[in-house]
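Written out below as structure tokens is the structure these notes cover.
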């Protein structure tokens, strides 16, 4: 099929490359001319494993192109997919300004039958609003007789940064929310080659499924962090607790890693948006405020323990390992690591940080207050403490004997329990994790 993908962020580009890999002809559209130029040269503007290599392959096959000119590619589209950002407003609700602007533009240009797909994460009712705007723009352009040929389908994304392309090609489910059966069949065929269950629903159910999935996963994270805080006070090990409950198939082992809480571009935004949506419809979703509160407090508790153990941080040289919100990405949006680093800087700490992939993005937020080291070991030269904030695999592979020699004080605060099983006391380190029976109020 001929697919037009509007938006080339993490979701839009990865999904576009994925469909091109399946053999479809994909035209990716973005208003950022600089980004389009880089993509046209085969350069992915963010770090996502496998996407760079896959992009070069589909470009060589002639299955993908990049443009800022929607008009030049819309005429041949069988499916138009909207994958633009829906960032949170100060109130927590999703900002649909860009999405609606794109819908208006599509409607002005559209002159043929097409299936619209909203891939962006949006509150219930948005797909119908997008369709209405497209049809209204078509009517204003004198093409009212064609409006009935345009249908919309909600196809939420379930991509995890760090494994996004694999998640697309080996999906665990494909949700298709549609009123029109033929439109639903078209989107089913678009995903041909992906062997995953199809969940065909109403548009409203599809929109809500995405929020429900992320809110539930965020709830699991907040739950295990609450258990970690209790474990610290009773002398238990939250890792054993997570293993013990995770073996129950009704619970499962995923998202039961205690630490400093969730971050990134999805969980904070989507949990807040779901809470806001509930309030707009007159329902008090009591669990969600608790999930948010626990997540925010988890950073506070870790920071509080850190400052107490160090006897204050002003003037202290502290090394930071990890600035991305999770490993295998350069994304620092809503990163707990960035938050804690900024708090330390605000209190006068002398911070030297290292991240394998997220340094350039972190510099935009921390450049004036933080030094950046070329390696993990270098970050620790002369440090009185090391704080691990992102669980990059390479942090487990350093020479800890060499690390100890570079530090003034061999103290490690591990906000992800990433090094907890490495027996660092044998190297002479003082080590504290989260939920390992170590802290008291």
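No lab work stands behind these numbers, since they all come straight from the coordinates. Remember, predicted model here, so these are calculated numbers, not experimental data. Here the Cβ is made from the backbone with ideal geometry for all residues, glycine too, and neighbour counts use every protein chain on show.
Quick notes on this one:
- Tilt relative to the chain, helix 97-109 - C-alpha long axis, 0 to 90 degrees, to 10: 20 degrees
- Ordered by the number of other Cβ atoms lying within 10 Å of each residue's own Cβ, fewest first, 168, 325, 46 fall into the sequence 46, 168, 325.
- In terms of surrounding Cβ atoms within a 10 Å radius of their Cβ, 326, 404 rank from fewest to most as 404, 326.
- Counting every other Cβ atom within 10 Å of each residue's Cβ, 407, 227, 41 order from fewest to most as 41, 227, 407.
- Between residue 278 and residue 427, the modelled labels are 4.3 nm apart [label points 7 Å from Cα along Cα→Cβ].
- Mean Cβ neighbour count within 10 Å, used as a protection proxy, ranking 343-351, 327-335 highest first: 327-335, 343-351
- The fraction of Cα-Cα pairs per 10 angstrom bin, counted from 0 for the chain, comes to 4, 20, 27, 24, 16, 8, 2, 0 percent, rounded to whole percents.
- The overall shape of segment 318-397, judged from the alpha-carbon gyration tensor, is oblate: a/c is not under 1.5, and a/b is no greater than b/c.
- Degrees separating the helix 203-234 axis from the principal Cα axis of the chain, which is the longest one: 10 degrees
- Highest to lowest packing among 233-240, 116-123, scored as the average C-beta count within 10 Å: 116-123, 233-240
- Helical content of the chain, expressed as a calculated mean residue ellipticity at 222 nm, amounts to -13000 deg cm²/dmol (DSSP H runs of 4 or more residues, -39,500 (n - 2.57) each, divided by residue number, nearest 500).
- Computed from the Cβ-Cβ distance with R0 of 45 Å, the FRET efficiency linking residue 213 to residue 408 stands at 0.50.
- Residue 248/residue 148 FRET efficiency (R0 60 Å; Cβ-Cβ; nearest 0.05): 0.75
- Cα gyration tensor, segment 2-201 - rounded (a/c under 1.5), prolate or oblate: rounded
- Ranked by how many other beta carbons lie within 10 Å on average, peptides 196-205, 156-165, 12-21 from highest: 12-21, 156-165, 196-205
- Working from label points 7 Å from Cα in the Cα-to-Cβ sense, the residue 140 to residue 296 distance is 3.9 nm.
- Efficiency of FRET between residue 371 and residue 285 - r from beta-carbon atoms, R0 51 angstrom, step 0.05: 0.75
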